[in-house]
Amino acid sequence: MSATSTFTIAAVPADGVGAEVVAAGRAVLDALAENSGGAFAFDWTEFPWGCGYYERTGRMMDEDGLEVLRDFDAIYFGAVGWPSVPDHVSLWGLRLRICQNFDQWANVRPVHFHPGITSPLRKADHTPLDWVVVRENSEGEYAGLGGRNLAGRGPGNEVALQTALFTEKGCERIMRFAFDLARGRDRKKVSSVTKSNAQQYGMVLWDETFARVARDYPDVETESVLVDAMSAKFVLKPEDLSVVVASNLNADILSDLGSALAGSLGLAASANLNPERRFPSMFEPVHGSAPDIAGQGLANPIGAIGSAALMLDHFGLSTEAARVRAAIEATTAAGILTPDVGGTAKTGDVVAAVIDNLGN
Ligand code: GGG
């Protein structure tokens, strides 16, 4: 028997339902590894970071946390945010800190229908929805640039600036990533999203870069759509979309809309990739910490399990990733669904069914 490939994974459940869904994904991956005949194994290290950690220490993660994470093959993340900590503090202290320091500039967020799950679009009898939102994940509106109370203005007169940063290199690399992805799909099309009629600097640079990059991909159909029109298109003409590339904020919003249209935010998987592999990439469900249902076994684990499948792809275990996706589909098709998608199953029931459906 050949030597076992061991992948080291840093698990960061963080806040709210993060703990439940990370445990779910871990259970599925461990079941796969146990039955791999020693071909591969996962070596997990869990970190207690998040809002609870912040309340105890004043930090969202250890001071040397990034150095520690750097040596892992991947990071498996849950969700960040809890009412006791301002959202911008928790997001910047953990999730965005990791994404930006590890130059995870490509956030890939696939959306598709699952058998057995009714979505608002299905009710309207649309053709199947299957697209990937590619989110620029390192700059744009989340560059962290700006300031408050400029020029010494006092209370009641405060001014704040939030600057979006668009670099030609940053735009070009995410667009090439999107085009390369589109080339591997049945529908070879990239839709670029901006609000360049109103935002006349950064987003015009984005549009011009898109037009230039597109010339290198004559086999891929393209369109440039304003974000308001694209929101309507998501609902009214989803069958016309394949790969959607957008800036940090626009893609963040559109991917939530997409997963809601597929049936629930709990279904959507994502990968924050450092495509050059100089740093670890991070895999997480699109959803947040959902304080209203945390700790009750109600969280939908499918987004997290789907994110684990994306991590398997990243490790080169694509056959296993496909098995996980097939097991998810078999589970939803059998009607084993959490309440957010109309069922009565608990998180653990869904996990048990997915593991069962792996057919080990
Ligand atoms: N698992 C994703 C998560 O925790 N999201 C919380 C959030 O507020 N994210 C903002 C973002 O995606 O930039």
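Here are GLY65, GLY25: which of them is within 14 Å of the ligand (Cβ to nearest atom), at pLDDT 95 or above and crowded, with 18+ Cβ neighbours inside 10 Å? Reasoning before the result, please.
Details: GLY65 fails: within 14 Å of the ligand (Cβ to nearest atom).
Sole residue among the options that is within 14 Å of the ligand (Cβ to nearest atom), at pLDDT 95 or above and crowded, with 18+ Cβ neighbours inside 10 Å: GLY25.
Give the residues of segment 287-307 that are crowded, with 24+ Cβ neighbours inside 10 Å and either in a loop (DSSP other than H, G, I, E, B) or on the phi > 0 side of the Ramachandran plot (or both), sorted by residue number.
Step one: list which residues in segment 287-307 are crowded, with 24+ Cβ neighbours inside 10 Å, which gives 287, 289, 299-307.
Those that are crowded, with 24+ Cβ neighbours inside 10 Å and either in a loop (DSSP other than H, G, I, E, B) or on the phi > 0 side of the Ramachandran plot (or both): HIS287, SER289, ALA299, ASN300, PRO301.
Output the number of residues of segment 236-247 satisfying the condition of being surrounded by fewer than 22 Cβ atoms within 10 Å (Cβ to Cβ) and out of contact with any His (no Cβ under 9 Å at 6 or more places or on another chain).
So the count comes out to 2.
Which one of the conditions (1) of a type outside the set (S, T, N, Q); (2) over 29 Å from ALA27 (Cα atoms); (3) away from the ligand (no atom under 14 Å from the Cβ); (4) out of contact with any Ser or Thr (no Cβ under 6 Å at 6 or more places or on another chain) does PHE315 fail to meet, given that it meets all the rest?
Every condition holds for PHE315 apart from (2).
Count, please, the residues in segment 77-99 that happen to be crowded, with 18+ Cβ neighbours inside 10 Å, more than 9 Å from the ligand (Cβ to nearest atom), touching a residue at least 40 places away in the same chain (Cβ under 8 Å) and assigned to a helix (DSSP H, G or I).
Within segment 77-99, residues that are crowded, with 18+ Cβ neighbours inside 10 Å, more than 9 Å from the ligand (Cβ to nearest atom), touching a residue at least 40 places away in the same chain (Cβ under 8 Å) and assigned to a helix (DSSP H, G or I) number 1.
Identify the residue in segment 316-355 that is crowded, with 18+ Cβ neighbours inside 10 Å and touching a strand residue (DSSP E or B) at 6+ places or on another chain (Cβ under 9 Å) and, among all such residues, is farthest from ASN272 (Cα to Cα).
Looking at the filtered set, the residue picked out is GLU320.
Could you check segment 239-287 and list, in sequence order, the residues that are away from the ligand (no atom under 12 Å from the Cβ), within 29 Å of ALA345 (Cβ to Cβ) and among the polar types (S, T, N, Q)?
SER264
THR209 - would you say it is within 21 Å of GLN104 (Cα to Cα), in contact with a Cys (Cβ under 6 Å, 6 or more places away or on another chain) and of a type in the set (Ser, Thr, Tyr)? Spell out the reasoning first.
Values: within 21 Å of GLN104 (Cα to Cα): yes; in contact with a Cys (Cβ under 6 Å, 6 or more places away or on another chain): yes; of a type in the set (Ser, Thr, Tyr): yes.
Considered against the rule, which asks whether it is within 21 Å of GLN104 (Cα to Cα), in contact with a Cys (Cβ under 6 Å, 6 or more places away or on another chain) and of a type in the set (Ser, Thr, Tyr), THR209 comes out as yes.
Answer yes or no as to whether ASP125 is away from the ligand (no atom under 12 Å from the Cβ), outside any strand (DSSP E or B) and under 29 Å from VAL245 (Cβ atoms). Before the answer, list the steps.
Working: away from the ligand (no atom under 12 Å from the Cβ): yes; outside any strand (DSSP E or B): yes; under 29 Å from VAL245 (Cβ atoms): yes.
Against the criterion (away from the ligand (no atom under 12 Å from the Cβ), outside any strand (DSSP E or B) and under 29 Å from VAL245 (Cβ atoms)), ASP125 qualifies.
Name the residue, out of PHE113, PHE102, that is more than 30 Å from THR167 (Cβ to Cβ), surrounded by fewer than 23 Cβ atoms within 10 Å (Cβ to Cβ) and either touching a residue at least 40 places away in the same chain (Cβ under 8 Å) or more than 16 Å from the ligand (Cβ to nearest atom) (or both). So that I can check it myself, show each step before the final result.
Details: PHE102 fails: more than 30 Å from THR167 (Cβ to Cβ).
Of the residues listed, the single one that is more than 30 Å from THR167 (Cβ to Cβ), surrounded by fewer than 23 Cβ atoms within 10 Å (Cβ to Cβ) and either touching a residue at least 40 places away in the same chain (Cβ under 8 Å) or more than 16 Å from the ligand (Cβ to nearest atom) (or both) is PHE113.
What is the one condition in (1) under 14 Å from the mean Cα position of the chain (by Cα); (2) assigned to a loop (DSSP other than H, G, I, E, B) that LEU310 does not satisfy?
Of the numbered conditions (1) under 14 Å from the mean Cα position of the chain (by Cα); (2) assigned to a loop (DSSP other than H, G, I, E, B), the odd one out for LEU310 is (2).
The values are calculated or read from the model by the stated rules, or taken from the named source; none is laboratory data. Quantities reported herein were computed from a predicted structural model and do not represent experimental measurements. Note: ideal-geometry Cβ built from the backbone for every residue, glycine included; neighbour counts use all protein chains shown.
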